[in-house]
Amino acid sequence: MRATVLVRPKPGILDPQGEAVESSLRQLGFAVEEARIGKVVDLELGDGDPEQAKADLERMCVQLLANPLIESYEITVTQ
Amino acid sequence: MSPERGPRIAVVVFPGSNDDRDAALALEDLGAEPTLVWHAEPTLPEVSAVVLPGGFSYGDYLRCGAIARFAPVMDGVTHFAAEGGLVLGICNGFQVLCEAGLLPGTLRPNASLSFVCRDVTLLVERADTPFTSRCEPGRSLSIPVKHGEGCYFADGELLAELEANGQLVLRYEDNPNGSIGAVAGVINTDGNVFGLMPHPEHAVDPLLGSTDGTLILGSLVDAARDRSPVPV
């Protein structure tokens, strides 16, 4: 089983990387109103119990992959 | 009669720490007995205080301090702090303490996205902590910063709480990194864990342009001297 975790800066959290990319895209002539930069974590989980894996993924996000104070996360499980 | 021995203070060394020796030297000059403790140690030696130094622990992977907080020695540090032991986090050490949940808030990339490396002026908001007792209230300090991710963040509710509790011990006069409330240093509610982005260990000799760092580290040494070592 494979899973992808997307970690994003929460709305309202200053994202200077996103702002730098947004301004560069504008300089290239693209009509970009906002860019926000997060992280992608691809995980290979082996063939365990899918329910257990989902619970584990949730704990991985809370304990390490995201800082809940400033980041939101989204877990997608792919077969 | 042998001269009185100074308090023993642990300086934790993570892979990627690079201010550990400067911190140890500064503490030694101030009369303490620093002892370097490798991150893989499962426990802390018997000490009266712990310093988490600056650097780039574990390459700052994922988020600054996020991996270091799981170092084996951090169990000992957490236990030491819970027992009331004095813990000081400098720069990366501050980031580690925030990630470990020993201090509130977190540190984000500088608003400018630039690495800042210069002397800054700090305003001492509280001189009644074990980390600032050598400062007169309202005094300003000249101490260098050098970081890319020192922008302190706490949401509105948390910031109001920290403000009300008097936990915002140091502020920048001229905010170099976009920190909310110009916060440079934060203490926990129990008053025994303190983190700051500026580097007091780099301002301990007139040759370095300022000796104001001795007021922070000297306060810690004074406070550590008053406490008996905590076995962990």
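Couplings 3J(HN,Hα) of segment B:173-187, computed from phi: 6, 10, 3, x, 9, x, 4, 5, x, 6, 6, 10, x, 10, 10 Hz, in residue order, whole Hz [Karplus 6.51 cos²θ - 1.76 cosθ + 1.60, θ = phi - 60°; x for Gly and Pro].
Taking each residue as 0.36 nm, the span from B:Ala111 to B:Glu161 lengthens on full extension beyond its C-alpha to C-alpha distance by 15.7 nm. Rounded, prolate or oblate: pick one for chain B, where a ≥ b ≥ c are the square roots of the eigenvalues of its C-alpha gyration tensor, a/c under 1.5 means rounded, and failing that, prolate if a/b is larger than b/c, else oblate. The shape class here is rounded. B:Tyr58 sits with roughly 60 Å² accessible to a 1.4 Å probe, with DNA, RNA and ligands left out of the calculation. Here the Karplus curve 6.51 cos²θ - 1.76 cosθ + 1.60, taken at θ = phi - 60°, turns the phi angles of segment B:134-151 into couplings of 7, 8, 7, x, x, 6, 10, 10, 9, 9, x, 10, 7, 7, x, 10, x, 7 Hz, with x standing for Gly and Pro. Remark: mean inter-chain Cβ contacts per residue of B:60-67 equal 3, using a 10 Å Cβ-Cβ cutoff to other protein chain atoms.
When the helices of chain A are scored as -39500 (n - 2.57) per DSSP H run of n ≥ 4 and the total is divided over every residue, the value at 222 nm lands at -9000 deg cm²/dmol. If the viscosity is 1.567 mPa s and the temperature 4 °C, what Stokes-Einstein diffusion coefficient in µm²/s follows for chain A when Rh is the Kirkwood radius over Cα pairs? Approximately 91 µm²/s, per Stokes-Einstein.
Taking every residue in B:154-160 and counting other chain Cβ atoms within 10 Å of its Cβ, the average works out to 1.
Heavy-atom surface analysis with a 1.4 Å probe gives chain A a carbon and sulfur content of 53 percent of its accessible area.
For chain B, the mean residue ellipticity at 222 nm estimated from helices alone is -6500 deg cm²/dmol, where every DSSP H run of n ≥ 4 contributes -39500 (n - 2.57) and the total is divided by all residues, rounded to the nearest 500. On the principal axes of its alpha-carbon atoms, the protein assembly as shown has extents of 74, 47, 35 Å, going from largest to smallest. Basic side chains Lys and Arg get +1 at the Cβ, acidic Asp and Glu get -1 at the Cβ, and with that the dipole of segment B:32-132 about its Cα centre reaches some 420 debye.
Once both labels are positioned 7 Å from their Cα atoms along Cα-to-Cβ, the gap between A:Ala20 and A:Leu43 label points is 2.9 nm. Taking a straight line from the alpha carbon of A:Lys54, these lysines sit under 25 Å away, with near neighbours fewer than eight places off in the same chain left out: A:Lys10, A:Lys39.
When the surface is traced with a 1.4 Å probe over the full set of protein chains, A:Lys39 keeps roughly 70 Å² accessible. With a simple spin-label model that places each label point 7 Å from the Cα along the Cα-to-Cβ direction, the separation between A:Gln27 and A:Glu51 comes to 5.4 nm. Extending 7 Å from the Cα toward the beta-carbon at both B:Leu208 and B:Ser133 defines two label points whose distance is 2.2 nm. Once C-alpha pairs closer than 8 Å and six or more residues apart are averaged by separation and normalised to the residue number of chain B, the relative contact order reads 23 percent.
Distance from the C-alpha centroid of segment B:187-232 to that of segment B:10-76: 14 Å, rounded to the whole angstrom.
Residues in the protein assembly as shown average 46 Å² of solvent-accessible surface per residue, probe 1.4 Å, ligands and nucleic acids excluded. Near the amide H of B:Ile67, within less than 5 Å, lie no amide hydrogens of residues on another chain or at least 5 residues away, with H placed in the peptide plane.
For segment B:33-44, 3J(HN,Hα) computed residue by residue from phi via the Karplus equation (6.51, -1.76, 1.60; θ = phi - 60°) reads 10, x, 9, 6, 10, 5, 4, 7, 5, x, 9, 8 Hz, glycine and proline entered as x. Using the average count of surrounding beta-carbon atoms within 10 Å as a protection proxy, the listed peptides B:192-203, B:20-31 rank, highest first, as B:192-203, B:20-31. Only Cα pairs within less than 10 Å get springs; with that Gaussian network setup on chain B, which residue of B:Arg139, B:Arg108, B:Arg63 has the largest fluctuation? Largest GNM mean-square fluctuation: B:Arg139.
The values are calculated or read from the model by the stated rules, or taken from the named source; none is laboratory data. Just so you know, these numbers come straight off a predicted model, no measurement behind them. Virtual Cβ from ideal backbone geometry, glycine too; neighbours counted across all protein chains shown. Keep in mind that these areas ignore ligands, DNA and RNA; they rest on the heavy atoms of the full protein, side chains included. Shrake-Rupley method; radii C 1.70, N 1.55, O 1.52, S 1.80 Å.
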